[in-house]
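Okay, structure first, notes after.
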Amino acid sequence: MTAPQDAASPGQALAWALALGRDRLGDVDDPMRDARLLLAHAAGLERGQLTRLDVADFTPEMITAYLALIDQRAAGRPVSKILGYRDFWKYRFAVSEEVLDPRPDTETLVEVALAQPFGRVLDLGTGSGCILLSLLAEQAQASGLGTDLSEAALNVARQNAGALGVQARAEFVISDWFAAITGPFDLIVSNPPYIALHEMPGLAREVRAHDPRMALTDEGDGLAAYRAIVVKAGQYLRPGGRILLEIGPTQGAEVARFLSDAGFDEVEILPDLDGRDRVVGAIWPL
């Protein structure tokens with residue numbers, strides 16, 4: 001299949017290919033955006049470079065590859081898992097079926113963490129490493145440790161550390177929260193599994209099918225990870241050290257109470273760009 005023979009310009013050929021992909025994508029959230037991303041990938045370009053394509057570039061081979069990607073997306077596979085990467089914060093991270101797909105909401109946690117200096121940071125449940133590695137890329141003097149229960153996830157994080165050039169300052173270990181950790185740290189961050197079991201059926205199909213289940217839910221009320229982290233976090237923080245936890249938008253008050261009950265000071269609930277509660281932060285007392 002090639003672009004129509006009467007395509008008089010690259011623009012017409014591009015419009016034809018994008019419309020073809022859009023129509024095959026059906027009811028995905030933004031079919032034209034996804035079609036542009038997948039066409040660019042099939043053509044070996046970035047999305048913003050699609051206007052470089054000439055009519056002759058729309059070969060049968062390229063269109064076949066493009067439609068194969070479109071069919072994966074139409075079947076519910078996330079674009080990031082098709083492309084093998086996700087852009088997060090200022091950087092590009094490799095992703096796979098073994099890691100949680102980084103989401104823009106999590107950039108709030110990175111922004112808050114960077115508002116104050118830190119030397120050593122612990123990222124509990126690091127997954128792709130997107131939080132830890134974004135922080136290290138922004139703070140050239142900092143070092144950090146990322147933990148996860150999945151060796152496959154840690155291999156993705158190590159790959160990303162190398163791609164960002166921070167591998168000398170980033171360490172990754174298998175650990176069940178603090179089980180294999182020694183401190184102290186200036187900063188602890190985590191985006192733990194916070195989806196309650198009863199909420200799982202309401203998640204988008206692509207999330208349920210393509211993000212690791214253990215990165216999504218604690219199989220209970222969605223708060224088990226916070227209980228486990230908060231009760232021990234003070235033992236691993238320097239006096240005056242910070243903890244920052246991503247939360248679901250209804251969990252702020254309870255997680256804040258956990259931190260207060262554990263002896264943390266200056267507990268605050270911070271919103272994301274949409275105004276929803278997204279991060280709970282606190283300070284370990286001096």
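Quick notes on this one:
- Subset tally (residues that are acidic (Asp, Glu) and either under 16 Å from Thr108 (Cβ atoms) or part of a loop (DSSP other than H, G, I, E, B) (or both)) for the stretch 256-272: 2
- Scanning the stretch 129-178 for residues that are hydroxyl-bearing (Ser, Thr, Tyr) and surrounded by fewer than 23 Cβ atoms within 10 Å (Cβ to Cβ) yields a count of 3.
- Flag if Thr126 is among the β-branched types (Val, Ile, Thr), surrounded by 16 or more Cβ atoms within 10 Å (Cβ to Cβ) and in the same structural domain as Leu245 (by TED's automatic domain parsing): yes
- Residue count for the stretch 273-286 satisfying the condition of being surrounded by 19 or more Cβ atoms within 10 Å (Cβ to Cβ) and closer than 16 Å to Ala115 by Cβ: 5.
- Of all residues in the stretch 106-122, those that are basic (Lys, Arg) have Cβ atoms under 8 Å from Cβ atoms of residues that are assigned to a strand (DSSP E or B), 6 or more apart or on another chain, in Arg120/Ser143; Arg120/Gly144; Arg120/Leu145; Arg120/Phe185; Arg120/Asp186; Arg120/Leu187.
- Those residues of the stretch 4-59 which are over 26 Å from Gly76 (Cα atoms) and charged (D, E, K, R), in sequence order: Asp6, Arg52, Asp54, Asp57
- When the criteria are applied in full, Ala253 meets the requirement of being surrounded by fewer than 22 Cβ atoms within 10 Å (Cβ to Cβ) and assigned to a helix (DSSP H, G or I).
- When we screen Val99, Val110 for residues that are in contact with a helix residue (DSSP H, G or I) (Cβ under 6 Å, 6 or more places away or on another chain), among the β-branched types (Val, Ile, Thr) and not in a helix (DSSP H, G or I), the only hit is Val99.
- Residue within the stretch 220-241 that is under 19 Å from Thr106 (Cα atoms) and either surrounded by fewer than 16 Cβ atoms within 10 Å (Cβ to Cβ) or without any contact (Cβ under 8 Å) to a residue 12 or more places away in the chain (or both) present: no
- Arg213 being of a type in the set (Lys, Arg), touching an Asp or Glu at 6+ places or on another chain (Cβ under 9 Å) and over 22 Å from Asp272 (Cβ atoms): yes
- Top-ranked residue in the stretch 105-123 [being out of contact with any Asp or Glu (no Cβ under 6 Å at 6 or more places or on another chain) and among the acidic types (Asp, Glu); ranked as surrounded by the most Cβ atoms within 10 Å (Cβ to Cβ)]: Asp123
- Of the residues in the stretch 266-275, at least one is over 30 Å from Pro201 (Cα atoms), in the same structural domain as Asp148 (by TED's automatic domain parsing) and of a type outside the set (A, V, I, L, M).
- Filter pass, Ala75 being among the small types (Gly, Ala, Ser) and touching a strand residue (DSSP E or B) at 6+ places or on another chain (Cβ under 8 Å): no
The values are calculated or read from the model by the stated rules, or taken from the named source; none is laboratory data. Only a predicted model underlies this, so the values are computations on that prediction, with no experimental measurement involved. Here Cβ is always computed from backbone atoms with ideal geometry, including for glycine, and neighbour counts include all displayed protein chains.
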